[in-house]
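The structure under discussion appears below in the form of structure tokens.
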Amino acid sequence: MHPETAVRQLEYAVASKLEDDTWGHWEATVYADVFEHVAERGTSADVAEVVGHISEKVSDGYRPNPADVKAHADSLLTAGGRPITDGGEE
């Protein structure tokens, strides 16, 4: 999944969840750097997992900190997840 697509998917997922709060395009773009980071180092499934993680955390009046989202994304790409190295010699 491309980062731009991830931003749109996040917009749709969150907008359908919120009752009293609004979610705009600019809010989803706050996480664009994280999507780019994961897209460069992982797979489309990894990007989709980050979208799902953010969507689960968002609620009326609460938005996950982008640094916390990046930490979650890194956990997908490192120990217990996919390595962020190219697999070459250490």
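Scoring 68-76, 30-38 by mean Cβ neighbours within 10 Å over their residues and listing the highest first yields 30-38, 68-76. With respect to the chain, whose longest principal axis is taken over its alpha-carbon atoms, helix 66-77 is tilted by about 40°.
Each principal axis of the Cα cloud of the chain was evaluated for its coordinate range; sorted largest first, these ranges are 52, 20, 17 Å.
The charge dipole of the chain, taken about its Cα centre with unit charges on the Cβ atoms of Lys, Arg (+1), Asp and Glu (-1) only, comes to about 120 debye.
Every read-out reported here was derived from the displayed coordinates using simple, explicitly stated rules and does not represent laboratory data. Keep in mind that what you see is a predicted model, and the values were worked out from it rather than measured. Backbone-built Cβ (ideal geometry, glycine too); neighbour counts: all protein chains shown.
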